[in-house]
Amino acid sequence: MISAEKLDWDKMGGLIPAIVQDGRSGRVLMLGFMNPDALARTLESGLVTFWSRTRKSLWTKGETSGNSLRLREVRADCDNDTLLVIADPVGPTCHRGRISCFGEDDDHVALEFLSGLEKIVLSRQEALPEGSYTTRLFREGPAEISKKLGEEAIELILASSQGRQRVTEEAADLLYHLLVYLTQQEVPLAEVLEELERRHQEAEPPGK
């Protein structure tokens, strides 16, 4: 866990910039400021809390709008004077109703789209709407989902001789069916990404 005592609170007169990142998509959501009390409340409550330089008081994101930030993790940078707050947003983060304070709603990063697609796949599994291809896959069961994933992997390999566009199309098919497979196995995409990150950190430790 992050240690408040090791942070450089003096550089900005008792405050530290806190960059908030979506824990699911990786998108930068907003920038706020924390003092020691704001950091302590964030860690204790699990809801991201800042110091308002305007009101000169603590404020927990979403206390009036309901659009809170549920804490996953807090990290300090190498100089211990900036925080990275990884959180799951509940509703839009920006006070203007946007997902992020740094762009319009349609400025999606690729990972954010994958996260959104995963949510759609999960909703199809739960509701099983008629006429949906995803519904059909879930109704056919795990064996058929696994078979279809294998077929898509083979089709992607074979596409290497059919040009860039064909590779792109088959890769998209494979990613979609992988999300269906992971959902059926109850493995969130975030866990897969965390495993990749863990392997990367083990392969390239800091300072190497």
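The values are calculated or read from the model by the stated rules, or taken from the named source; none is laboratory data. As the structure is a computational prediction, the values presented were derived from the model and not from experiment. All Cβ positions, even for glycine, are placed from backbone atoms using ideal geometry, and neighbour counts span all protein chains on display. These accessible areas exclude ligands, DNA and RNA; they are computed on the full protein's heavy atoms, side chains included. Shrake-Rupley method; radii C 1.70, N 1.55, O 1.52, S 1.80 Å.
Pick from D37, D8: which is open to solvent by 40 Å² or more (accessible area, probe 1.4 Å), in a loop (DSSP other than H, G, I, E, B), at pLDDT 95 or above and more than 30 Å from P188 (Cα to Cα)?
Of the residues listed, the single one that is open to solvent by 40 Å² or more (accessible area, probe 1.4 Å), in a loop (DSSP other than H, G, I, E, B), at pLDDT 95 or above and more than 30 Å from P188 (Cα to Cα) is D8.
Is it true that some residue in the stretch 64-83 is farther than 29 Å from L189 by Cα, in contact with a Phe, Trp or Tyr (Cβ under 7 Å, 6 or more places away or on another chain) and modelled with pLDDT of 95 or more?
No, because not a single residue in the stretch 64-83 is farther than 29 Å from L189 by Cα, in contact with a Phe, Trp or Tyr (Cβ under 7 Å, 6 or more places away or on another chain) and modelled with pLDDT of 95 or more.
Can you list residue pairs whose Cβ atoms sit under 9 Å apart, with the first residue in the stretch 174-189 being within 17 Å of S25 (Cβ to Cβ) and touching a residue at least 24 places away in the same chain (Cβ under 8 Å) and the second being open to solvent by 70 Å² or more (accessible area, probe 1.4 Å) and in a loop (DSSP other than H, G, I, E, B)? Count only pairs 6 or more apart in sequence or on different chains.
Pairs that qualify, where the first residue is within 17 Å of S25 (Cβ to Cβ) and touching a residue at least 24 places away in the same chain (Cβ under 8 Å) and the partner is open to solvent by 70 Å² or more (accessible area, probe 1.4 Å) and in a loop (DSSP other than H, G, I, E, B), are P188/R24; L189/R24.
So that you can scan it fast, the table gives a plain yes or no per residue for (1) hydrophobic (A, V, I, L, M, F, W, C); (2) farther than 24 Å from G97 by Cβ; (3) surrounded by 13 or more Cβ atoms within 10 Å (Cβ to Cβ):
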site	(1), (2), (3)
G13	no, yes, no
R27	no, no, yes
G62	no, no, yes
L84	yes, yes, yes
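Is it the case that the stretch 134-143 has a residue that's more than 22 Å from K119 (Cβ to Cβ) and within 22 Å of the chain's Cα centre (by Cα)?
no
Counting just the residues of the stretch 40-53 that are in a strand (DSSP E or B) and open to solvent by 40 Å² or more (accessible area, probe 1.4 Å), which one comes out farthest from I99 (Cα to Cα)?
Looking at residues that are in a strand (DSSP E or B) and open to solvent by 40 Å² or more (accessible area, probe 1.4 Å), I get W51.
Can you pull out every residue in the stretch 172-208 that is within 25 Å of E152 (Cβ to Cβ), among the small types (G, A, S) and at pLDDT below 95?
A190
Only one of (1) surrounded by 16 or more Cβ atoms within 10 Å (Cβ to Cβ); (2) in a strand (DSSP E or B); (3) modelled with pLDDT under 95 fails for C94. Which number is that?
Going through (1) surrounded by 16 or more Cβ atoms within 10 Å (Cβ to Cβ); (2) in a strand (DSSP E or B); (3) modelled with pLDDT under 95 one by one, C94 breaks only (2).
Residues are listed down the side, and each one gets a yes or a no for (1) under 16 Å from I2 (Cβ atoms); (2) touching a residue at least 12 places away in the same chain (Cβ under 8 Å); (3) not in a loop (DSSP other than H, G, I, E, B):
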position: R55; (1), (2), (3): no, no, no
position: L58; (1), (2), (3): no, yes, yes
position: T64; (1), (2), (3): no, no, no
position: N67; (1), (2), (3): no, yes, no
position: R70; (1), (2), (3): no, yes, yes
position: E73; (1), (2), (3): yes, yes, yes
position: D79; (1), (2), (3): yes, yes, no
position: A87; (1), (2), (3): yes, yes, yes
